[in-house]
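So the structure is just underneath, and the comments pick up after that.
The values are calculated or read from the model by the stated rules, or taken from the named source; none is laboratory data. Please read all numbers here as calculations on a predicted model, not as lab measurements. All Cβ positions, glycine included, derive from the backbone under ideal geometry; neighbour counts span all protein chains shown. We work out accessible area using only protein heavy atoms, side chains counted, and drop any ligands, DNA or RNA first. Shrake-Rupley method; radii C 1.70, N 1.55, O 1.52, S 1.80 Å.
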Amino acid sequence: MSRVLATLAALAALFALPASAKAPKLTLFISVDALGSDLLLRNRPRLTGGLGQLLDRGAFYPYARYAYAETRTAPGHATLATGANPWRHGIVDNDVQDRTTGQRVQVYMDPAHPLLDGTTDPTSDTSPENLMAETLADRLRVSTQGRGKVVALSFKARAAIPLAGRLGQAWWFDGVEGKMVTSTWYAKAVPAWMQAFNARKLADEGFSKTWELLRPRAEYVGEDDRATEPDAYGMGRTFPHSLRNGLTAPGPQSYKAFAVSPRSHDLLVQAAKAALEGEGLGKDDVPDILAVSFSGTDEVFHAFGPYSWEIQDSLLRLDQAMGELIAAAERAAGGRANLLIALSADHGGAEIPEAWAQMGVPARRINSVEMSKTLAAELRTTFGVDVTVAMLDLDVYLGGKALESGQVDGAAVRRAAAAWLAKQPFSVMAVARDDLDTVPDTGGLVEPLRRGYYPQRSGDVLFMAKPFQVVTDYPRGSNHGVPYSYESQVPVVFAGRGVKPGLYPQEIDPVDVAPTLSALLEMGMPASAEGKPRAEALTGK
């Protein structure tokens, strides 16, 4: 009998172990657009608010690296949300070429689901119809049989949509109306809490404000007035920045300046607080997710570059805003013990190429529009027919009647285009889609192209630019979209319930974020996830 009692006691002890620990009531999933590892680490000593505290108290991975080539906002958020690369989730870039119309469209375009309360550009992002993989939000909704709630907020639709997935709520900022909107995919009517939030007209309120430096000028590194910076949206190159953009009343042009300014951070925090209260997030034992993607840092990066006073100040103000957001999430969840937090970024970014060149870095700006025209002329000379060429980042789309009718051999045209691109001084290599699976990967750069390739949306020819070559159709500012460390390395932080704090310097992949959150939420991973839970950062209770 004593042996039986001992066995029962052992079983009781086993089942008392934290393998069945209760999941956190609320998960706060934060993305900071264009927050590359280098940018964060350079500014970390000055971050003492919410962002700084996350780094100090959480499980901090400074070196997560995307494994695919085109480091852009839409694929980055889709990867964070699904735990998969673009070859599975299908979101290869912010914009793609519609092969039926030859028109450049946004990747989440869905004319069948227009904006719920606003005027919709038919080529704009409105739904997750093109997202081909299950997201963390979808898995939570399915696992809880619809009881767990998910709300995603961002200034960009292409960030909010993947974070909400198919089954959550997505809200983003409409730069025409100056308010937060969603599409008919997500709602049939604007809920009362969002109506009340939009009635506050925070973007209009910002019209009369200026963007001032948060700290004394002596605390900022470098120069405020850099000749390589543009006068973005009428804001001027130096502090203080006006948000009026030359207008006498708020409107679409002033909303663009507002989106660049750190006031965009504050608007998202206020929207998040409204969602917490309006949806009752974190109020019961069924886990909920609040996802917030801060887009203002990316707007600043594109306009002023990652070494500007503007990006430094934007991060300082984000540090403050994030403290308010985390405090609100803690209150909603009933305390820190009920809250799980994850933070990452969709990509990093290159310096303004002219600024790099002034320092002696072998950098240059590659005008994608002019390059497309030159390649089209080369193909006409070679094949004697007109071929349309559209270069979108590392993807080159070829079209025209001669190709579509079979007048010329498509594979031959694609290979000729790849051969020409490979010889250009800005290029490392180029490959036709026909050869992507078989071309030798001697430099290790073909595999990132493969991981980012989705046949229905990727280009006919893919190429790889050399380091410090910035491919863009804009004459000023900077861009991102290559797999080099200054663009592909981002931070990952987990904090709160079930997380073992510490510095984890090993390189990981952002595909691990969704699986790790799945483990902490005690549910299955998203269906197409390629990543794995970061077991070293989990307490198991």
**Request:** Could you tell me whether LEU421 is assigned to a strand (DSSP E or B), at pLDDT 95 or above and not acidic (Asp, Glu)?
**Result:** no
**Request:** Please give the strands (runs of 3 or more DSSP E) falling wholly within segment 439-533 in which 1 or more residues are open to solvent by 30 Å² or more (accessible area, probe 1.4 Å).
**Result:** 489-496
**Message:** in a helix (DSSP H, G or I), of a type in the set (D, E, K, R) and over 26 Å from ALA377 (Cβ atoms): is that true of GLU404 in this structure?
**Reply:** no
**Asked** In segment 328-340, what count of residues is obtained for those that are in contact with a Leu (Cβ under 8 Å, 6 or more places away or on another chain), open to solvent by 10 Å² or more (accessible area, probe 1.4 Å) and either among the hydroxyl-bearing types (Ser, Thr, Tyr) or not in a helix (DSSP H, G or I) (or both)?
**Response** 0
**Request:** Only residues that are open to solvent by 10 Å² or more (accessible area, probe 1.4 Å) and of a type in the set (A, V, I, L, M, F, W, C): list them for segment 106-132, please.
**Result:** MET109, ALA112, LEU115, LEU116, MET132
**Message:** If I go through segment 45-66 residue by residue, how many of them are over 20 Å from the mean Cα position of the chain (by Cα) and either of a type in the set (Ser, Thr, Tyr) or modelled with pLDDT under 95 (or both)?
**Reply:** 1
**Message:** Among (1) over 16 Å from the mean Cα position of the chain (by Cα); (2) surrounded by 24 or more Cβ atoms within 10 Å (Cβ to Cβ), there is one condition VAL300 misses while meeting the rest; what is its number?
**Reply:** (1)
**Message:** Conditions first: (1) within 30 Å of LEU136 (Cβ to Cβ); (2) buried (at least 24 other Cβ atoms within 10 Å of the Cβ). ILE352 passes all but one, so which condition is the exception?
**Reply:** (1)
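For (1) free of Cβ contacts under 8 Å to residues at least 12 places away in the same chain; (2) farther than 22 Å from GLY348 by Cβ, each residue gets a yes or a no:
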{"residue": "GLY444", "(1), (2)": "yes, no"}
{"residue": "ARG450", "(1), (2)": "no, no"}
{"residue": "ARG476", "(1), (2)": "no, no"}
{"residue": "VAL513", "(1), (2)": "no, no"}
{"residue": "MET523", "(1), (2)": "no, yes"}
**Prompt:** Quick check: anything in segment 268-278 more than 20 Å from ALA160 (Cβ to Cβ), touching a residue at least 40 places away in the same chain (Cβ under 8 Å) and assigned to a helix (DSSP H, G or I)?
**Reply:** no
**Message:** Looking only at segment 197-214, how many residues end up being surrounded by 12 or more Cβ atoms within 10 Å (Cβ to Cβ) and either basic (Lys, Arg) or more than 14 Å from SER314 (Cβ to Cβ) (or both)?
**Reply:** 12
**Request:** Report the residue count in segment 441-485 for those that are modelled with pLDDT of 95 or more, acidic (Asp, Glu) and farther than 20 Å from ALA67 by Cβ.
**Result:** 1
**Residues that are under 24 Å from GLY118 (Cβ atoms), touching a residue at least 24 places away in the same chain (Cβ under 8 Å) and open to solvent by 80 Å² or more (accessible area, probe 1.4 Å), drawn from segment 215-253** = TYR233, ARG244
**Request:** For segment 67-88, enumerate the residues that are open to solvent by less than 10 Å² (accessible area, probe 1.4 Å) and either of a type in the set (A, V, I, L, M, F, W, C) or modelled with pLDDT under 95 (or both).
**Result:** ALA69, ALA74, ALA78, LEU80, ALA81, ALA84
**Message:** Looking at SER208, SER264, SER242, SER254 in this structure, which one is within 18 Å of GLY49 (Cβ to Cβ) and of a type in the set (S, T, N, Q)?
**Reply:** SER264
**Request:** Among the candidates VAL181, VAL176, VAL190, VAL151, single out the residue that is open to solvent by 40 Å² or more (accessible area, probe 1.4 Å) and among the β-branched types (Val, Ile, Thr).
**Result:** VAL176
**Asked** When you look at ALA274, is it open to solvent by less than 10 Å² (accessible area, probe 1.4 Å) and either out of contact with any Cys (no Cβ under 8 Å at 6 or more places or on another chain) or of a type in the set (Val, Ile, Thr) (or both), yes or no?
**Response** no
**Message:** I'd like the residue in segment 1-44 that is β-branched (Val, Ile, Thr) and at pLDDT 95 or above and, out of all such residues, is surrounded by the most Cβ atoms within 10 Å (Cβ to Cβ).
**Reply:** THR27
**Prompt:** Is it the case that some residue within segment 359-379 is assigned to a loop (DSSP other than H, G, I, E, B) and closer than 30 Å to ALA23 by Cα?
**Reply:** no
**Asked** Does segment 279-290 contain any residue that is assigned to a helix (DSSP H, G or I) and surrounded by fewer than 24 Cβ atoms within 10 Å (Cβ to Cβ)?
**Response** yes
**Residue count, segment 45-64 (criterion: under 16 Å from GLU330 (Cβ atoms) and open to solvent by 70 Å² or more (accessible area, probe 1.4 Å))** = 2
